[in-house]
Amino acid sequence: WNVAHTPDQPLNSVSGKDLLDSFAKLARERGDFDWHIAFHPYATNLFSSEIWNDPVARLSPKTPKITFHNLEFLCQYLDTPELHWDGKPRRLILSEQGFHSQPNPSSELQQAASYAYAWEKCKRLPAIDAFIYHRHVDHAHEGGLRLGLWKNVPGSIATPESTKPIYDLFRKAGTDLWEDAAKPFLPVTGLKSWDDSTATP
(Lines give C-alpha, C1' and ligand atoms only; values in the text may rest on other atoms or scores of the structure.)
Protein backbone atom coordinates (compact mmCIF):
# COMPACT_ATOMS: atom_id res chain seq x y z
CA TRP A 1 0.00 0.00 0.00
CA ASN A 2 2.68 2.53 1.02
CA VAL A 3 5.65 0.57 -0.32
CA ALA A 4 6.48 -0.60 -3.84
CA HIS A 5 7.06 -4.27 -4.58
CA THR A 6 10.49 -3.42 -5.99
CA PRO A 7 11.55 -0.20 -4.18
CA ASP A 8 15.04 -0.33 -5.70
CA GLN A 9 13.55 -0.52 -9.24
CA PRO A 10 11.09 2.38 -9.49
CA LEU A 11 10.28 1.68 -13.15
CA ASN A 12 9.05 -1.84 -12.28
CA SER A 13 6.51 -1.08 -9.56
CA VAL A 14 4.91 1.66 -7.48
CA SER A 15 3.02 1.61 -4.23
CA GLY A 16 -0.71 1.01 -4.45
CA LYS A 17 -1.51 4.36 -2.86
CA ASP A 18 0.76 6.27 -5.27
CA LEU A 19 -0.86 4.49 -8.22
CA LEU A 20 -4.38 5.34 -7.07
CA ASP A 21 -3.45 8.93 -6.23
CA SER A 22 -1.90 9.42 -9.68
CA PHE A 23 -4.78 7.69 -11.46
CA ALA A 24 -7.40 9.76 -9.60
CA LYS A 25 -5.52 13.00 -10.36
CA LEU A 26 -5.34 12.19 -14.08
CA ALA A 27 -9.02 11.25 -14.13
CA ARG A 28 -10.00 14.54 -12.48
CA GLU A 29 -7.87 16.52 -14.93
CA ARG A 30 -9.03 14.72 -18.07
CA GLY A 31 -12.68 13.98 -17.27
CA ASP A 32 -13.53 11.97 -14.22
CA PHE A 33 -15.79 8.92 -14.40
CA ASP A 34 -17.46 6.37 -12.16
CA TRP A 35 -14.46 4.14 -11.38
CA HIS A 36 -14.17 1.80 -8.40
CA ILE A 37 -11.64 -0.66 -6.93
CA ALA A 38 -11.15 -4.42 -7.10
CA PHE A 39 -8.72 -5.51 -4.39
CA HIS A 40 -7.17 -8.75 -3.10
CA PRO A 41 -6.49 -8.30 0.65
CA TYR A 42 -4.32 -11.39 1.11
CA ALA A 43 -2.29 -11.70 4.30
CA THR A 44 1.32 -10.54 4.18
CA ASN A 45 2.27 -14.19 4.74
CA LEU A 46 0.07 -16.21 2.37
CA PHE A 47 0.69 -19.31 4.48
CA SER A 48 -0.63 -17.76 7.67
CA SER A 49 -4.03 -19.02 8.76
CA GLU A 50 -4.43 -16.20 11.31
CA ILE A 51 -5.36 -13.12 9.28
CA TRP A 52 -6.23 -11.17 12.43
CA ASN A 53 -2.55 -11.36 13.38
CA ASP A 54 -0.63 -9.56 10.62
CA PRO A 55 2.07 -7.32 12.14
CA VAL A 56 3.08 -5.83 8.77
CA ALA A 57 -0.48 -4.61 8.14
CA ARG A 58 -0.52 -1.94 10.81
CA LEU A 59 -3.65 -0.19 12.07
CA SER A 60 -2.58 3.12 10.54
CA PRO A 61 -3.03 4.96 7.22
CA LYS A 62 0.77 4.81 6.89
CA THR A 63 0.78 1.00 6.92
CA PRO A 64 3.12 -0.64 4.40
CA LYS A 65 0.44 -3.17 3.40
CA ILE A 66 -3.34 -3.43 3.46
CA THR A 67 -4.71 -6.88 4.20
CA PHE A 68 -7.89 -8.09 5.84
CA HIS A 69 -6.31 -7.11 9.16
CA ASN A 70 -6.53 -3.39 8.37
CA LEU A 71 -8.89 -3.21 5.37
CA GLU A 72 -10.84 -0.36 6.99
CA PHE A 73 -7.98 2.00 6.08
CA LEU A 74 -8.51 1.39 2.36
CA CYS A 75 -12.22 2.12 2.82
CA GLN A 76 -11.30 5.31 4.69
CA TYR A 77 -8.98 6.33 1.84
CA LEU A 78 -11.71 5.81 -0.77
CA ASP A 79 -13.92 8.19 1.23
CA THR A 80 -11.63 11.20 0.88
CA PRO A 81 -13.26 14.15 -0.97
CA GLU A 82 -10.58 14.17 -3.71
CA LEU A 83 -11.64 10.66 -4.70
CA HIS A 84 -15.41 11.05 -4.50
CA TRP A 85 -17.63 10.59 -7.53
CA ASP A 86 -20.86 12.59 -7.51
CA GLY A 87 -20.27 13.35 -3.84
CA LYS A 88 -20.00 9.70 -2.84
CA PRO A 89 -17.03 7.44 -1.95
CA ARG A 90 -15.63 4.96 -4.43
CA ARG A 91 -16.84 1.40 -3.98
CA LEU A 92 -14.76 -1.70 -3.29
CA ILE A 93 -15.04 -5.35 -4.28
CA LEU A 94 -12.75 -8.05 -2.90
CA SER A 95 -12.46 -9.91 -6.16
CA GLU A 96 -10.18 -12.70 -4.94
CA GLN A 97 -9.32 -13.82 -1.44
CA GLY A 98 -8.55 -17.14 0.21
CA PHE A 99 -7.23 -18.37 3.53
CA HIS A 100 -4.61 -21.09 3.86
CA SER A 101 -4.80 -24.19 6.03
CA GLN A 102 -2.22 -26.79 6.87
CA PRO A 103 -3.52 -30.38 6.62
CA ASN A 104 -4.40 -30.65 10.30
CA PRO A 105 -7.55 -29.93 12.36
CA SER A 106 -6.10 -26.96 14.28
CA SER A 107 -5.04 -25.10 11.15
CA GLU A 108 -8.34 -25.86 9.43
CA LEU A 109 -10.17 -24.31 12.40
CA GLN A 110 -7.97 -21.21 12.02
CA GLN A 111 -8.84 -21.08 8.31
CA ALA A 112 -12.55 -21.11 9.19
CA ALA A 113 -11.96 -18.47 11.88
CA SER A 114 -10.23 -16.31 9.26
CA TYR A 115 -13.31 -16.54 7.05
CA ALA A 116 -15.61 -15.64 9.97
CA TYR A 117 -13.35 -12.70 10.85
CA ALA A 118 -13.28 -11.52 7.22
CA TRP A 119 -17.05 -11.82 6.78
CA GLU A 120 -17.74 -9.96 10.01
CA LYS A 121 -15.31 -7.22 8.98
CA CYS A 122 -16.99 -6.87 5.57
CA LYS A 123 -20.36 -6.50 7.30
CA ARG A 124 -18.96 -3.50 9.16
CA LEU A 125 -17.45 -1.77 6.11
CA PRO A 126 -20.25 -0.33 3.97
CA ALA A 127 -17.91 0.48 1.06
CA ILE A 128 -17.55 -3.25 0.27
CA ASP A 129 -19.98 -4.57 -2.36
CA ALA A 130 -18.64 -8.11 -2.84
CA PHE A 131 -16.32 -10.67 -1.25
CA ILE A 132 -15.41 -13.42 -3.73
CA TYR A 133 -13.74 -16.43 -2.16
CA HIS A 134 -10.83 -18.27 -3.82
CA ARG A 135 -10.74 -21.37 -3.93
CA HIS A 136 -13.53 -23.90 -3.66
CA VAL A 137 -11.11 -26.86 -3.75
CA ASP A 138 -7.44 -27.10 -2.77
CA HIS A 139 -5.16 -27.03 -5.83
CA ALA A 140 -2.18 -29.41 -6.01
CA HIS A 141 -0.11 -26.93 -8.03
CA GLU A 142 -0.74 -23.67 -6.19
CA GLY A 143 2.66 -23.46 -4.55
CA GLY A 144 1.67 -25.41 -1.46
CA LEU A 145 -1.26 -23.15 -0.60
CA ARG A 146 -4.42 -24.93 0.57
CA LEU A 147 -7.09 -22.25 0.22
CA GLY A 148 -10.05 -24.48 -0.56
CA LEU A 149 -13.35 -25.03 1.16
CA TRP A 150 -12.70 -28.66 0.25
CA LYS A 151 -9.61 -30.82 0.51
CA ASN A 152 -8.64 -32.07 -2.94
CA VAL A 153 -8.03 -35.60 -4.10
CA PRO A 154 -4.22 -35.86 -3.75
CA GLY A 155 -2.48 -34.58 -6.87
CA SER A 156 -5.64 -33.05 -8.38
CA ILE A 157 -6.24 -29.41 -9.17
CA ALA A 158 -10.01 -29.28 -8.58
CA THR A 159 -11.38 -32.70 -7.62
CA PRO A 160 -12.98 -32.45 -4.16
CA GLU A 161 -12.34 -35.14 -1.55
CA SER A 162 -13.83 -33.87 1.73
CA THR A 163 -14.96 -30.58 3.22
CA LYS A 164 -13.11 -28.49 5.78
CA PRO A 165 -14.75 -26.51 8.63
CA ILE A 166 -14.75 -23.38 6.44
CA TYR A 167 -17.20 -25.08 4.05
CA ASP A 168 -20.13 -24.93 6.47
CA LEU A 169 -19.42 -21.28 7.29
CA PHE A 170 -19.32 -20.41 3.60
CA ARG A 171 -22.72 -22.09 3.09
CA LYS A 172 -24.27 -20.10 5.94
CA ALA A 173 -22.76 -16.68 5.19
CA GLY A 174 -25.45 -14.10 4.60
CA THR A 175 -28.22 -16.27 6.06
CA ASP A 176 -30.03 -16.40 9.40
CA LEU A 177 -27.78 -19.34 10.31
CA TRP A 178 -24.58 -17.29 10.13
CA GLU A 179 -24.40 -15.93 13.67
CA ASP A 180 -24.62 -19.34 15.34
CA ALA A 181 -22.21 -20.86 12.79
CA ALA A 182 -19.58 -18.13 13.28
CA LYS A 183 -19.80 -17.80 17.07
CA PRO A 184 -17.61 -20.84 17.93
CA PHE A 185 -14.74 -19.35 15.90
CA LEU A 186 -14.58 -16.07 17.82
CA PRO A 187 -12.37 -17.55 20.60
CA VAL A 188 -9.95 -18.85 17.95
CA THR A 189 -9.25 -15.24 16.93
CA GLY A 190 -8.66 -14.08 20.50
CA LEU A 191 -11.26 -11.32 20.07
CA LYS A 192 -13.97 -10.67 22.64
CA SER A 193 -16.49 -9.55 20.03
CA TRP A 194 -16.69 -9.44 16.24
CA ASP A 195 -16.94 -5.66 16.65
CA ASP A 196 -13.27 -5.79 17.63
CA SER A 197 -12.41 -7.04 14.12
CA THR A 198 -12.61 -3.49 12.80
CA ALA A 199 -10.55 -0.58 14.10
CA THR A 200 -11.83 2.98 14.03
CA PRO A 201 -9.57 4.76 11.52
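The values are calculated or read from the model by the stated rules, or taken from the named source; none is laboratory data. This one's a predicted model, so the numbers in the text were calculated from it and none came from an experiment. Here Cβ is always computed from backbone atoms with ideal geometry, including for glycine, and neighbour counts include all displayed protein chains. With ligands, DNA and RNA removed, areas are computed over all heavy atoms of the protein, side chains included. Shrake-Rupley method; radii C 1.70, N 1.55, O 1.52, S 1.80 Å.
Descriptive notes on the structure:
- Overall, segment 1-150 carries a charge dipole of about 180 debye about its Cα centre when +1 sits on the Cβ of Lys and Arg and -1 on the Cβ of Asp and Glu, all other atoms neutral.
- Entries of Lys151/Lys172; Lys65/Lys164; Lys172/Lys192 with Cα pairs more than 25 Å apart: Lys65/Lys164
- Probe 1.4 Å - accessible area at Glu108, Å² to nearest ten: 10
- With loop membership from DSSP and a limit of 16 other Cβ atoms within 10 Å, the longest segment of the chain without chymotrypsin sites (Phe, Trp or Tyr not before Pro) is 48-201.
- Accessible carbon and sulfur surface of segment 124-201 relative to its total accessible area, %, 1.4 Å: 54
- Selection among Phe47, Leu11, Ala27 by position relative to the dipole of segment 7-56 gives Ala27 as farthest towards the positive end (Cβ unit charges, Cα centre).
- Taking 0.36 nm per residue of separation and subtracting the current Cα-Cα distance, fully stretching the chain between Asp195 and Ser95 would add 33.6 nm.
- Relative contact order for the chain, counting Cα pairs under 8 Å that sit 6 or more residues apart, in percent: 18
- Exposure of Asp196 as accessible area (Å², to 10), given a probe of 1.4 Å and all protein chains: 90
- On the basis of the beta-carbon distance and an R0 of 30 Å, His36 and Asp8 show a calculated FRET efficiency of 0.40.
- Placing a pseudo-label 7 Å from each Cα along the Cα-to-Cβ vector at Asn45 and Trp85 gives an inter-label distance of 3.8 nm.
- Taking each residue as 0.36 nm, the span from Ile132 to Ser22 lengthens on full extension beyond its C-alpha to C-alpha distance by 36.9 nm.
- Placing R0 at 30 angstrom, the Cβ-Cβ distance between Asn104 and Val56 gives a FRET efficiency of 0.75 after rounding to 0.05.
- In percent, rounded to a whole number, the relative contact order of segment 114-201 is 27, using alpha-carbon pairs under 8 Å and six or more apart.
- Å² per residue, accessible surface of segment 97-201 at 1.4 Å: 50
- Where trypsin sites (Lys or Arg not before Pro) in DSSP loops with at most 10 other Cβ within 10 Å are excluded, longest remaining stretch of the chain: 63-191
- Placing unit charges on the Cβ atoms only, positive for Lys and Arg and negative for Asp and Glu, gives segment 74-201 a dipole magnitude near 80 debye about its Cα centre.
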